[in-house]
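A short worksheet on the structure shown next.
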Amino acid sequence: MSSSLRREDVAKVAQLARLSLSDDELDKFTEQLGQVLEHANDMGTLNLENVVATAHPFGLINVVRDDVVRPSLDRSEVLAMAPDARDGRFAVPRIMGEAP
């Protein structure tokens, strides 16, 4: 566990996040968060001088599929199943909770 992380710090963060933690949970999360912070500290000590910055570890080009036109749902059939449709569109309330 990180010596700089105190149980009180975790309790304060939990309070700010509006989380109710038991004493056992506070102990557990203090240890776990301490391990995460220690690992982050270890990462900060790495020599990255000759490492090129990247946005992704793999050289990805365009990974999305090509658009292909194909038959879809029939608009009139879909609108026929809607609870309320007007002028070829779904009719919905202007403000949630209000009737149209």
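From the list Thr54, Thr30, the one residue that fits, being β-branched (Val, Ile, Thr) and part of a loop (DSSP other than H, G, I, E, B), is Thr54. Checked against the criterion of being free of Cβ contacts under 8 Å to residues at least 40 places away in the same chain, of a type outside the set (A, V, I, L, M) and in contact with a Gly (Cβ under 8 Å, 6 or more places away or on another chain), the candidates Arg94, Arg75 yield just one match: Arg75.
Taken together, Ala80, Ala11 contain a single residue that is surrounded by 10 or more Cβ atoms within 10 Å (Cβ to Cβ), free of Cβ contacts under 8 Å to residues at least 40 places away in the same chain and outside any loop (DSSP other than H, G, I, E, B), which is Ala11.
Bear in mind these aren't lab numbers, they're just calculated from the coordinates by the rules spelled out. Every value quoted in this text rests on a predicted model; they were computed, and no experiment measured them. No Cβ is skipped: glycine too gets one built from the backbone with ideal geometry, and neighbour counts run over all protein chains shown.
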